[in-house]
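*Asks:* After the C-alpha cells below, expect a handful of questions from me.
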Amino acid sequence: MPRSTPNGRAGAADPLAPLERTVVAQLFELQPGYAVFLGRHDYDGRLPDLSKAATDQWLGRTDRLLGELRALAEELPEGRRLDLHLLELLLDGAVFSLRDARDLDLNPMSYLGAGSLTSYLVRDYAPPADRVRAMTASLAGLPRLLDAGQARLEERLPEPFVKLGLSIGGGLSSHFDEVEAFARRRAPAEAGDLTEARARAETAVGRFLGRLKEEWAPRTTPEFALGAERFQRLLWVREGIRTPFREILAEGERDLARNQARLTELARRAPGGPGVEGFLETLYRDHPTADDLVPIAQRFVSEARSFVREHDLATIPEPESCRVEETPSYGRALSTASMNPPGPFEEHGDEGIYFVTPVDPEWTPERQEEWLRSLNRPMLRNVTVHEVYPGHYLQFLHHRRYAASLARRVYLSNAFTEGWAHYCEELAVEAGVGGRDPSAEAAMLHDALLRDCRLIASIGLHTGGWTVERATELFQREAHFERLPAEREAIRGTFDPEYYCYTLGKLAIRRARDRHLASRFAGSLRAFHDHLLGFGSPPVGEFDALFGGGAA
C-alpha cells in the first residue's frame with residue numbers, strides 16, 4: 001500500500017541522524033516513563049532527577065541542542081525538515097512545562113504520577129521477574145523523587161492541583177497492593193525486595209501527602225491560569241499552531257452550535273418529542289449490568305473491527321489483537337475507559353488492552369446505577385469506536401509499522417491522537433454504525449458536546465478569567481451534565497488545558513478531508529485515512545505542509 005515517507009531517511013549520509021538520537025536521549029532523561037510507554041524497556045525502572053539543580057542543567061543542555069537543530073535546518077531535504085521540526089517541538093514542549101507552565105514548582109501531580117507502575121503490570125513484554133525488578137527499582141527511587149518535590153514546590157499552590165494531588169496520592173496504596181500481589185503470584189523470588197522497596201516508598205508517599213494536606217492545602221491560591229501569551233505558546237510547542245486562540249475558540253463554538261442543533265433535531269423526531277433531556281434519558285436507561293459490562297465491551301470490539309473492514313474505512317494492519325480488561329484501581333478515579341496500546345518500539349506483540357472502569361462494589365446502589373447509566377450501550381459502543389477500532393488502537397498499529405524515522409516514532413501529538421479517535425466517532429455514525437439507530441448518533445453527539453465544551457472551557461479558564469464555577473455551568477448547560485461530573489470536567493481544565501485537543505484535532509482532520517479526499521484520493525476514505533495515518537502522529541499544525549507534498 002502506498003505510504004508517505006520522508007525524502008531523506010536516517011542513514012550514514014544523513015546529517016540529522018546523530019543529533020536526532022541525542023535529542024531523543026535528552027528527552028528520555030527527563031521523561032523515562034514516556035520512553036517505557038513507547039516500548040523502550042532499556043528505561044525500565046528509571047525515575048528522573050527532578051531537583052532544581054538537575055533540571056537547570058537539563059535546560060542548559062537542551063538550549064544548546066535546540067540551537068544545533070536550528071543551525072542544521074537548511075542542510076536537510078524536505079522530509080527530514082519535518083523530522084527536525086518534530087525534534088524541536090519535543091524539546092520545546094518539555095522546556096515549556098519546566099519554564100512556562102512551571103509544573104514542577106506548582107503541581108504535586110508531577111511527582112505523584114511517578115508512583116504508577118501500570119506499564120509494568122499490564123503488558124507481558126518480558127518475564128515477570130524482569131518486570132518486578134523494574135517495579136522494585138521504581139519504588140526504590142520514589143522517595144528521592146518525592147523529596148525533590150517537597151523541596152521544590154512553592155509555598156502557595158493552585159487549589160485544584162492540591163485537591164487532585166491528594167486524591168491521586170490516596171489511591172497509591174491500593175495500587176501498590178496490586179503490584180505486591182503480582183510479584184508474589186508471578187515472581188515470588190523477587191517479591192521480598194519489592195516488599196521492602198514498597199514499604200519505603202509508601203512511607204515517602206505518606207510524608208508527601210501529609211505535608212500537602214497540613215501545610216499546602218490551608219494556603220492554596222485560586223490562581224491557575226496560563227494567561228493568553230503562554231496559552232498561545234502552548235498551541236505552538238504542542239501542535240505547531242500559529243492560529244490565534246480566539247479563532248480556535250470561534251471554531252469550537254461553531255462546532256458546539258452544529259452539534260447542539262443536530263441533537264435537538266434528533267430529539268424532536270423521537271417518538272413523543274421528549275426534548276433533549278428526555279431523549280438522552282432513553283439512552284441512559286439502556287445500560288448493561290455490572291457483570292455484563294466487560295463482555296459487552298468485548299463484543300463491541302469485535303463488531304467495530306468488522307464494521308471498519310465491511311465499510312472499507314481504513315486498513316487494519318496485521319497481526320492485531322485487542323482484549324478488554326477492568327481498569328486498574330489506580331486509574332479508576334480519572335478514567336471511564338482507556339486504551340493501552342503497543343508502543344512503536346515494543347518488540348513483543350501488537351496487542352492492545354482496552355480498559356473499562358467497572359462498578360465498585362463498595363458504592364451505594366444509587367452510585368452503581370449512575371455509573372452504569374453513564375456507560376449505557378450506545379455510549380459504550382461510541383467509546384469503543386474511539387478507543388479501539390477505528391480509533392486509538394488502529395492508529396497505534398499504523399504508527400508502529402509506518403512511522404518512518406526515529407523522530408516520527410517518538411513524537412505523539414495529543415491533538416492528532418485524540419482528534420483522530422474523536423473524528424472516528426463521527427466517521428462511524430456517517431457510515432451507519434449501530435444500524436443507523438438514532439441512539440448511536442445521539443451518543444456520538446453527547447460526547448462531541450463534551451469535547452466542544454472542553455475546548456471552550458480551556459480557553460476561557462486560561463485566557464478569559466473564567467472561574468471553575470463558570471466552566472462548571474458551561475458543562476451543565478451545553479453538555480447536559482449533572483453538577484458533579486460537570487464540576488469534575490471544569491477542574492480538569494485548570495491543570496490540563498490541553499483537553500482542547502479532541503475538538504482541535506477532529507476539526508483539523510475534517511478540514512484536510514474536505515480539501516483532499518476528492519482531488520487526491522478519488523473519494524476513497526480508506527486511501528485518505530491510510531495516507532494520514534502513515535505520517536505517524538504529527539502535529540496538526542503541519543497538515544497543510546504534509547498534504548501539500550512538501551514534507552511527506
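The values are calculated or read from the model by the stated rules, or taken from the named source; none is laboratory data. What you see is a predicted model, and the numbers here were worked out from it, not measured in a lab. Glycine gets a Cβ as well: all are built from the backbone with ideal geometry, and neighbour counts include every protein chain shown.
*Asks:* Looking at the structure I just gave you, is residue 471 out of contact with any strand residue (DSSP E or B) (no Cβ under 9 Å at 6 or more places or on another chain), surrounded by fewer than 16 Cβ atoms within 10 Å (Cβ to Cβ) and assigned to a helix (DSSP H, G or I)?
*Replies:* no
*Asks:* While we're looking at this one, here's another question. In region 496-523, how many residues are touching a residue at least 60 places away in the same chain (Cβ under 8 Å) and either surrounded by 20 or more Cβ atoms within 10 Å (Cβ to Cβ) or farther than 27 Å from residue 458 by Cα (or both)?
*Replies:* Number satisfying all stated conditions: 11.
*Asks:* If you go through region 136-173, how many residues are more than 22 Å from the chain's Cα centre (by Cα) and aliphatic (A, V, I, L, M)?
*Replies:* 10
*Asks:* Something else about it: Would it be correct to say that residue 500 is within 22 Å of residue 103 (Cβ to Cβ) and part of a helix (DSSP H, G or I)?
*Replies:* yes
*Asks:* Go over the candidates 149, 171 one by one and state the one that is out of contact with any Cys (no Cβ under 9 Å at 6 or more places or on another chain), more than 20 Å from residue 123 (Cα to Cα) and either of a type in the set (Ser, Thr, Tyr) or at pLDDT below 95 (or both).
*Replies:* Only one candidate qualifies: 171.
*Asks:* What are the residues in region 325-338 that are touching a helix residue (DSSP H, G or I) at 6+ places or on another chain (Cβ under 9 Å) and either in a loop (DSSP other than H, G, I, E, B) or modelled with pLDDT of 95 or more (or both), if any?
*Replies:* 328, 333, 334, 336
*Asks:* What are the residues in region 93-144 that are in contact with a helix residue (DSSP H, G or I) (Cβ under 7 Å, 6 or more places away or on another chain) and of a type in the set (Ser, Thr, Tyr), if any?
*Replies:* Selection gives 97, 110, 111, 116, 118, 119, 120, 125, 136.
*Asks:* Check whether at least one residue in region 539-547 is out of contact with any Asp or Glu (no Cβ under 8 Å at 6 or more places or on another chain) and surrounded by fewer than 16 Cβ atoms within 10 Å (Cβ to Cβ), and report yes or no.
*Replies:* Within region 539-547, one or more residues are out of contact with any Asp or Glu (no Cβ under 8 Å at 6 or more places or on another chain) and surrounded by fewer than 16 Cβ atoms within 10 Å (Cβ to Cβ).
*Asks:* How do the pairs read when you match residues in region 203-227 that are loosely packed, with under 15 Cβ neighbours inside 10 Å with residues anywhere that are of a type in the set (Asp, Glu) and not in a helix (DSSP H, G or I), using Cβ under 8 Å and keeping only pairs 6 or more apart or on different chains?
*Replies:* Close Cβ pairs (under 8 Å, with a partner that is of a type in the set (Asp, Glu) and not in a helix (DSSP H, G or I)) amount to 219/155.
*Asks:* So residue 400 clears everything in (1) charged (D, E, K, R); (2) at pLDDT 95 or above; (3) more than 30 Å from residue 282 (Cβ to Cβ) except one condition, right? Which one?
*Replies:* Of (1) charged (D, E, K, R); (2) at pLDDT 95 or above; (3) more than 30 Å from residue 282 (Cβ to Cβ), only one is false for residue 400: (2).
*Asks:* So which residues in region 315-331 are in contact (Cβ under 8 Å) with a residue 40 or more places away in the chain and under 30 Å from residue 492 (Cβ atoms)? It would help to see each step written out before you state the result.
*Replies:* Residues of region 315-331 that are in contact (Cβ under 8 Å) with a residue 40 or more places away in the chain, as a first pass: 315-317, 320, 322, 325, 328-331.
Those that are in contact (Cβ under 8 Å) with a residue 40 or more places away in the chain and under 30 Å from residue 492 (Cβ atoms): 322, 325, 328, 329, 330, 331.
*Asks:* Please find, among 341, 319, 328, the residue that is within 23 Å of residue 39 (Cβ to Cβ) and surrounded by fewer than 17 Cβ atoms within 10 Å (Cβ to Cβ). Spell out how you get there, then give the answer.
*Replies:* Numbers: 341 fails: surrounded by fewer than 17 Cβ atoms within 10 Å (Cβ to Cβ); 328 fails: surrounded by fewer than 17 Cβ atoms within 10 Å (Cβ to Cβ).
Step by step, each of 341, 319, 328 is checked, and only 319 is within 23 Å of residue 39 (Cβ to Cβ) and surrounded by fewer than 17 Cβ atoms within 10 Å (Cβ to Cβ).
*Asks:* Can you confirm whether region 274-294 contains a residue that is of a type outside the set (Val, Ile, Thr), at pLDDT 90 or above and under 22 Å from the mean Cα position of the chain (by Cα)?
*Replies:* no
To keep it simple, each residue is scored yes or no on (1) at pLDDT 95 or above; (2) part of a loop (DSSP other than H, G, I, E, B); (3) touching a Leu at 6+ places or on another chain (Cβ under 6 Å); (4) among the acidic types (Asp, Glu).
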| site | (1), (2), (3), (4) |
| --- | --- |
| 509 | yes, no, no, no |
| 514 | yes, no, no, yes |
| 518 | yes, no, no, no |
| 538 | no, yes, no, no |
| 542 | no, no, no, yes |
| 546 | no, no, no, no |
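*Asks:* Only residues in region 49-66 that are over 13 Å from residue 99 (Cα atoms) count as the first member; pair them with residues that are surrounded by fewer than 12 Cβ atoms within 10 Å (Cβ to Cβ), Cβ under 9 angstrom, at least 6 apart or cross-chain, and list the lot.
*Replies:* 51/151
*Asks:* Right, another one. Checking the structure you have, find out if any residue of region 298-318 is of a type in the set (Val, Ile, Thr), within 26 Å of the chain's Cα centre (by Cα) and not in a loop (DSSP other than H, G, I, E, B).
*Replies:* Within region 298-318 (the criterion being of a type in the set (Val, Ile, Thr), within 26 Å of the chain's Cα centre (by Cα) and not in a loop (DSSP other than H, G, I, E, B)), the answer is yes, since at least one residue qualifies.
*Asks:* Return a yes/no flag: does region 88-102 have any residue that is out of contact with any Gly (no Cβ under 7 Å at 6 or more places or on another chain), buried (at least 17 other Cβ atoms within 10 Å of the Cβ), free of Cβ contacts under 8 Å to residues at least 40 places away in the same chain and charged (D, E, K, R).
*Replies:* yes
*Asks:* Let me ask another. Look through 278, 343, 349 and report the one residue that is out of contact with any helix residue (DSSP H, G or I) (no Cβ under 8 Å at 6 or more places or on another chain) and either in a helix (DSSP H, G or I) or touching a residue at least 12 places away in the same chain (Cβ under 8 Å) (or both).
*Replies:* Among 278, 343, 349, only 349 is out of contact with any helix residue (DSSP H, G or I) (no Cβ under 8 Å at 6 or more places or on another chain) and either in a helix (DSSP H, G or I) or touching a residue at least 12 places away in the same chain (Cβ under 8 Å) (or both).
*Asks:* Does region 53-87 hold any residues that are outside any helix (DSSP H, G or I) and surrounded by fewer than 18 Cβ atoms within 10 Å (Cβ to Cβ), and which are they?
*Replies:* First, pick out the residues of region 53-87 that are outside any helix (DSSP H, G or I): 76-77.
The answer is 77, and nothing else.
*Asks:* Which is assigned by TED's automatic domain parsing to the domain that holds residue 56 and surrounded by fewer than 20 Cβ atoms within 10 Å (Cβ to Cβ), of 198, 185?
*Replies:* 185
*Asks:* Could I ask something else about it? Given the criteria farther than 30 Å from residue 321 by Cα, more than 24 Å from the chain's Cα centre (by Cα) and aliphatic (A, V, I, L, M), does residue 261 qualify?
*Replies:* yes
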